[in-house]
Every structure is written in structure tokens, then in C-alpha cells.
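Notes to accompany the following structure.
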Amino acid sequence: MNFLEYLNTKPLFYDEIDYTRMPRIYEKIKESLPTPKIIHIIGTNGKGTTGRFLANALHSKGIKVGHYTSPHILEFNERIFLNANNVADAILQEAHLELQTLLDVDDADSLSYFEYTTLLAMIIFKECEYVVMEAGLGGEHDATAVFDKILTLVTPIAYDHEAFLGSNIEEIAATKLRAIQNNAIIAPQAYSEVYSVAEQIATKSALNIYRVDEFIKDLDKEKINQIVNNLNLVPYLKDNLTLSIAALNFLKLKYEVDDFKTPPLFGRLTKISENIIVDVGHNTLAAQGIVKALEGDKYVLVYNSYKDKNYKEILSILKPIILRVEIIAVNEQRAESIEIIKNTLKNLKIEYNIFKEAKPEYKYLVFGSFSVVERFLREHNE
């Protein structure tokens with residue numbers, strides 16, 4: 001059985017979450033895993049692009065680096081980025097076979113899709129000096145939290161996955177921030193409560209939690225503006241770039257503008273044609289960032305949502321830039337019913353229909369989740 005067939009036998013979510021499983025299994029095999037310098041990225045929005053900016057800059061400096069991110073859009077290989085390339089199938093298969101020799105059968109069978117993938121990535125990163133590791137769903141109990149880290153980067157924290165993380169910002173922030181082991185840099189936050197929780201955790205656990213501005217000087221600001229102009233970055237991507245540069249400065253790694261020549265991670269306000277933009281965002285903070293970036297224009301919003309997302313608020317935020325909504329079918333159990341989406345749009349007085357094709361005379365924004373962007377791209381590329 002190859003690695004993808006094996007992974008597809010594993011559950012994405014368990015009915016009962018066992019927070020002890022990953023730490024317990026990791027302890028059994030940790031001596032057989034590599035020990036690169038790990039930079040952990042936690043938060044709600046911007047983890048992927050912050051990590052990719054940082055990984056690309058490290059690679060540009062001649063450093064062997066891995067970037068672990070999730071989920072993927074079209075191919076699993078997108079999750080494991082090794083020295084500026086998505087990992088090849090042959091390397092994945094080799095790592096899968098090696099991991100199988102480290103795990104006993106019961107442990108291997110018990111790991112979730114994400115837990116197994118996290119260990120798989122660490123084997124692939126065995127020759128890396130640095131690994132940029134993005135948390136999945138949460139923070140302290142995330143599969144990525146088991147490893148020793150030299151630094152944690154905290155992107156903006158907002159409401160998302162409340163069923164797992166907590167019902168208010170304080171609970172969500174605490175769950176994420178308790179993943180910090182020693183040093184952390186925290187990006188500007190939309191909710192002041194995040195700073196308060198960070199201060200409490202830093203005091204209680206004797207941690208060093210810095211704000212991003214503490215590592216950004218006037219010369220950095222000049223370089224950041226040059227990179228923003230070179231890559232045509234929207235405001236929220238500028239914030240993610242700034243956090244990655246703060247990390248380089250913390251690590252005392254000198255950088256130049258030319259170390260940031262690669263465009264941001266695909267799917268983050270990515271223009272795939274003259275009239276189509278795709279974005280994998282799926283929460284209110286992402287919607288706010290998009291409105292700020294695209295205000296002044298009107299878009300046909302190609303959209304769908306999972307049941308556990310606050311889609312009414314998300315659509316309300318996006319309404320100023322919406323010409324109409326075109327609902328795209330997503331074949332997942334977690335997806336909300338199209339009828340309920342329609343009723344929500346009726347109540348918000350937003351015109352809608354079912355997506356059939358992108359027409360050249362309109363501007364399109366494809367948004368709602370990784371699954372929405374994946375479905376659109378597969379149809380668009382046929």
C-alpha cells in the first residue's frame with residue numbers, strides 16, 4: 001500500500017479526541033527522528049503565508065529548510081515543502097516505509113491522518129537545518145506541538161473551530177498560546193484579549209513573548225516596503241511578511257530584499273487569470289482582510305461553507321464587494337446544505353444563483369474554504 005492509499009484509510013476527525021495519543025507515540029520514537037531547529041507557527045489566519053515567506057528566505061540564504069503546512073488544495077505534496085519544492089512522491093513513499101518500521105502496528109493504526117502526516121514530514125526533513133512547522137487545528141494539543149521548538153510565531157488569533165478551541169477569544173487564545181515553549185513573537189492582534197492572555201501565560205510559565213515591532217527597525221520597514229512593491233502584496237500579506245522578517249531578526253540571520261523574490265503561497269488572494277482571484281480563507285478575519293484588499297471593486301463571489309463556520313457574518317462582511325453570489329457544490333459531509341446557504345443570502349438581501357462557469361465579463365472571487373477553491377480549480381482546469 002503506498003503512502004496516499006494508507007493515509008486515506010485514516011480518519012480526519014475522531015468522535016472522541018485523545019490528546020495523549022500523539023505525545024505518547026512520539027516519546028516512543030523521538031530518538032529515531034531528526035532534531036532540526038523548529039520554528040512553530042500558531043494562530044488563526046496567515047500561518048501558511050508567514051511560514052512560506054520565512055522558508056523561502058531561509059532557502060534563498062543557502063540554508064536547508066522544510067516547511068510543513070496544511071491542508072492542501074489539489075495535491076497532498078503541497079503540505080511538505082522541502083528546499084523550495086513540494087516533496088516528490090518517491091520521497092514520500094520512502095519516508096512512509098521508514099515510519100512504518102519505527103511504529104508498532106497498533107500505534108500506526110491509531111494515528112489520525114494529520115498526526116501520521118506530521119511524523120512523515122519530520123522524517124522527510126531529516127537533513128534540514130531549519131523546519132518551519134505550521135500548527136493544524138489548534139495549539140497546545142496539536143500534533144505539531146510535541147516537538148522542541150526554538151521559536152513560536154503567533155499570527156492573528158480570531159474565532160474559528162470553536163467546538164475544539166473554545167467559545168470565546170480568551171479560551172481560543174489560551175489553547176493556542178499554551179503551545180509556546182520558550183520564545184515567541186506575536187503579530188498585531190484584532191482582539192486585545194489575546195495580549196492579556198499572552199501576558200498571563202508568559203508570567204506563569206516564564207516565557208519570552210515579544211511583539212513583532214520589537215524586532216522591526218526603520219531599515220526593515222524600508223526593505224518590507226520594497227518587497228511589498230516587488231510582489232504586489234495586499235495589506236494582510238504585508239503583515240505576514242513582517243512577522244517572518246521579525247523571526248529572521250530574532251534568529252540573527254541577515255536578509256536582503258532579494259531573499260523574498262517568490263510570490264506568496266498559492267491560494268492567498270492569488271490571481272489565476274485576469275478576472276479570477278482565489279482565496280482559501282474561511283473565517284471572519286480572512287473576510288475582513290479581503291474586503292480591505294479588494295474594496296472599490298465588485299466581484300461575483302463563488303462560495304460555499306462548512307456547517308461550523310459563521311457564514312452569515314462572513315457574507316455580511318463581504319457584502320460591500322459582492323455583485324452576487326454563485327454557490328458551488330462541495331461534496332463533503334461538513335458542507336452546509338445549499339438551501340440553508342440560499343436562505344441566508346435571501347435574508348442578507350444578496351443576489352445569488354448556482355455556479356456554472358466563470359464568464360470573462362465579470363470579476364470573480366472564489367472563497368469559502370480549501371474545498372471550495374479545490375472544486376473550482378478542478379472544474380476551471382477541465
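In terms of packing, defined here as the mean over residues of other Cβ atoms within 10 angstrom, the peptides 43-49, 182-188 line up highest first as 43-49, 182-188. Using only the C-alpha atoms, the convex hull of the stretch 275-348 corresponds to 88 Å³ per residue. In plain terms, the chain from Glu140 to Ser273 could stretch by 43.9 nm, reckoned as 0.36 nm per residue minus the Cα-Cα distance. The GluC sites (Glu not before Pro) found in the stretch 1-95 that occupy coil by DSSP, while having at most 15 further C-beta atoms within 10 Å, are Glu16, Glu75.
Cα extents for the stretch 1-88 along the principal axes, largest to smallest and rounded to whole angstrom: 42, 32, 32. Model label sites at Ser192 and Asp220, defined 7 Å from Cα along the beta-carbon direction, differ in position by 2.5 nm. When the chain is treated as a GNM with alpha-carbon contacts under 10 Å, the residue of Ser167, Ser244, Ser70 showing the greatest mean-square fluctuation is Ser167. In a fully extended conformation the segment linking Lys312 and Ala108 would gain 69.4 nm over its present Cα-Cα distance, using 0.36 nm per residue. When Lys359, Lys149, Lys342 are compared by accessible area of protein heavy atoms, the largest-first order is Lys359, Lys342, Lys149, using a 1.4 Å probe.
Using a probe radius of 1.4 angstrom, the carbon and sulfur fraction of the accessible surface of the chain is 48%. Springs between Cα atoms under 10 Å define the GNM used for the chain, and in it the highest mean-square fluctuation of Arg24, Arg79, Arg178 occurs at Arg24. When its C-alpha radius of gyration is set against 2.2 N^0.38 Å (N residues), the stretch 269-311 gives a value of 1.20.
Applying the criteria of a DSSP loop state and at most 13 other Cβ atoms within 10 Å to the GluC sites (Glu not before Pro) of the stretch 121-207 yields Glu127, Glu129. Full extension of the chain between Lys298 and Asn331 yields a length gain of 9.1 nm, computed as 0.36 nm times the residue separation minus the alpha carbon distance. For the chain, a crude dipole built from +1 on the beta carbon of Lys and Arg and -1 on the beta carbon of Asp and Glu, taken about the Cα centre, is about 1080 debye to the nearest 20. The fraction of all Cα pairs in the stretch 109-179 landing in successive 5 Å bins from 0 to the largest distance is 3, 15, 26, 21, 17, 12, 5, 1, 0, given as whole percents. Taking the inverse of the mean 1/r over every pair of distinct Cα atoms in the stretch 258-382 gives a Kirkwood hydrodynamic radius of 14.6 Å.
When the trypsin sites (Lys or Arg not before Pro) in the stretch 288-319 are filtered for DSSP coil states and for at most 16 other beta-carbon atoms within 10 Å of their beta-carbon, the remaining sites are Lys298, Lys307. Note on the stretch 317-382: Kirkwood radius taken over Cα pairs, Stokes-Einstein applied at 10 °C and 1.306 mPa s, translational D equal to 123 µm² s⁻¹.
The values are calculated or read from the model by the stated rules, or taken from the named source; none is laboratory data. Quick caveat: nothing in here was measured; it's all calculated off a predicted structure. We place every Cβ from the backbone using ideal geometry, glycine too, and count neighbours over all the protein chains shown. Only protein heavy atoms, including side chains, enter the accessible area calculation; ligands, DNA and RNA are left aside. Shrake-Rupley method; radii C 1.70, N 1.55, O 1.52, S 1.80 Å.
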